[in-house]
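> After the structure tokens below, expect a handful of questions from me.
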Amino acid sequence: MTLEEYGALSTEELSARIRRAKDEKRAVILGHNYQVPEVQVLADYLGDSLRLAQLATETDAELIVLCGVWFMAESAKILNPDRRVIIPSKDAGCPMADMATAEGVVRLKEQHPGVPVVSYVNTSAEVKAVSDVCCTSANAVRIVEAVEGDTVIFVPDKNLGAYAASKTGKNVILWKGHCYVHNMFVPEDVELARGEHPGVPVVVHPESPPDVVARAEFAASTGGMMKLAEEHDELIVGTEIGLIERMNREFPEKRFYPLSAFAVCRNMKMTDLPRLAWALEHEEYEVTVPEDIRQGAERALARMLELS
Ligand code: 13P
Ligand code: SF4
């Protein structure tokens with residue numbers, strides 16, 4: 001059956017096929033919090049980048065299906081060289097991850113000899129392999145704090161790097177990358193949302209610009225935001241709308257207001273039910289990483305998991 005033919009099937013039929021193929025193949029579906037709701041409800045686990053990486057090391061499934069963007073599936077493969085890892089849409093990259101190259105990081109290291117490189121997991125395996133340690137938005141502050149010395153090179157998100165610098169007091173040399181979804185938030189978005197929902201606390205993702213983070217009560221990873229959703233009856237949420245759809249489903253009695261309804265990651269939305277059903281039944285697209293690069297990247301990811 002072609003992908004187009006899967007697209008003609010009903011949601012019920014697609015969901016049944018996904019469940020059946022998952023059982024037959026002893027597969028686990030790991031989904032990021034920004035996935036479309038139909039995919040979220042079929043995932044065995046939902047989480048932020050840190051949780052997905054941890055889950056990838058804990059699972060005994062024979063096949064890992066990563067519903068997210070490429071670097072997440074690649075990280076699962078790096079941590080699980082002996083298991084098959086697939087991603088339903090091979091074009092689902094993260095534009096911020098594409099902003100950093102291993103050659104560029106090596107050049108920066110040469111300019112700053114001995115300065116450790118912390119790379120956000122939103123990077124390619126090649127960039128991870130030339131880094132000392134990885135981090136996610138959930139543990140960036142802890143990791144920057146933990147690495148030796150007062151100066152750190154942070155790749156590729158300038159906003160998350162600036163956030164870690166402000167929390168640790170370290171001198172952070174920033175790569176000039178950004179996320180097109182979070183970098184578009186402006187302070188006026190926070191003021192406008194506060195005007196519409198007086199007294200409601202604001203949480204933003206630390207990929208947002210520093211002047212936006214400074215105006216919010218909280219900065220948190222998407223996993224951290226789910227915890228805040230447990231603790232508050234109302235929240236203004238500055239991140240991709242997929243997370244707010246998850247919050248609404250899991251806490252229907254509460255109220256969550258998007259900081260911007262335009263915060264949509266097109267790359268995360270490339271995975272839908274027809275693609276997931278097709279991917280599981282065809283075991284495509286398989287993620288592979290050359291062994292020499294995988295080993296270097298695994299060292300940086302393993303160090304992150306140890307420090308988390
Ligand atoms: P989290 O790890 O907070 O889920 O963030 C991932 C991401 O890509 C944010 O844009
Ligand atoms: Fe990348 Fe931003 Fe999309 Fe996250 S939301 S996957 S950082 S483009």
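The values are calculated or read from the model by the stated rules, or taken from the named source; none is laboratory data. Remember, predicted model here, so these are calculated numbers, not experimental data. Positions of Cβ are generated from backbone atoms using ideal geometry, with glycine treated the same way; all protein chains shown enter the neighbour counts. Note: accessible area is taken over every heavy atom of the protein model, side chains too, but ligands, DNA and RNA are not part of it. Shrake-Rupley method; radii C 1.70, N 1.55, O 1.52, S 1.80 Å.
> Once label points are set 7 Å from the Cα along Cα→Cβ at both Arg20 and Ser166, what is their separation, rounded to one decimal in nm?
5.2
> Continuing with this model, one more query. Helix-only estimate, please: 222 nm mean residue ellipticity of the chain, summing -39500 (n - 2.57) across DSSP H runs of length 4 or more and dividing by its residues, to the nearest 500.
Result for the chain, helices only: -13000 deg cm²/dmol.
> Heavy-atom accessible area per residue, the chain, 1.4 Å probe: how many Å²?
On the way: 13000 Å² over 308 residues.
On a per-residue basis, the chain sits at 42 Å².
> Once a ≥ b ≥ c are taken as the square roots of the eigenvalues of the Cα gyration tensor of the range 219-308, is the result rounded (a/c under 1.5), prolate (a/b larger than b/c) or oblate (a/b not larger than b/c)?
Oblate.
> Calculate what fraction, in whole %, of the accessible area of the chain sits on carbon and sulfur atoms when a 1.4 Å probe is rolled over the protein chains. The partial results should precede the final answer.
Details: 6320 of 13000 Å².
After summing per-atom areas, the C and S share lands at 49 percent.
> May I pose another question? Which part of the range 77-97 falls in the paramagnetic zone of Ser308, meaning amide N under 12 Å from the point 7 Å along Cα-to-beta-carbon?
Correct set: 79.
> Hey, which lysines would be in cross-link range of Lys109, C-alpha to C-alpha under 21 Å, not counting anything within fewer than 8 residues on its own chain?
Partners found: Lys128, Lys158, Lys170, Lys176.
> Related question: Counting Lys and Arg as +1 and Asp and Glu as -1, each charge on the Cβ, what is the dipole of the chain about the Cα centre in debye, to the nearest 20?
Using Cβ point charges on Lys, Arg, Asp and Glu, the chain gives about 420 debye.
> Okay, moving on. For the chain, compute Rh as the Kirkwood radius over C-alpha pairs and then the Stokes-Einstein diffusion coefficient at 10 °C and 1.306 mPa s; write the answer in µm²/s, rounded to an integer.
In µm²/s, the coefficient rounds to 80.
> May I ask for the distance between the Cα centers of the range 1-69 and the range 187-240, given as a whole number of Å?
Taking the Cα centre of the range 187-240 as reference, the centre of the range 1-69 is 29 Å away.
> Another question, if that's okay. Counting only DSSP beta bridges with both residues in the chain, tell me the antiparallel percent, nearest 5.
5
> Measuring from label point to label point, each 7 Å out along Cα→Cβ, what is the Tyr257 to Glu196 span in nm?
Once both label points are built, they end up 0.7 nm from each other.
> Between Arg20, Arg275, Arg294, which gets the highest mean-square fluctuation from a Gaussian network model of the chain, Cα cutoff 10 Å?
Arg20
> Heads up, I need the accessible area for Met96: 1.4 angstrom probe, whole protein in place, Å², nearest 10.
About 0 Å², rounded to the nearest 10.
> So, one more: Quick one: if you take sqrt(5λ) for each eigenvalue of the C-alpha gyration tensor of the range 169-215, what semi-axes come out, biggest first, whole angstrom?
Computed over the range 169-215, the values are 24, 12, 8 Å.
> Let me ask something else. At a threshold of 8 angstrom on Cα-Cα distance, excluding pairs fewer than six apart, so keeping six or more, what relative contact order does the range 1-158 reach in percent?
16
> Once the principal axes of the Cα atoms of the range 78-161 are found, what is the range along each, listed largest first in whole angstroms?
41, 27, 25
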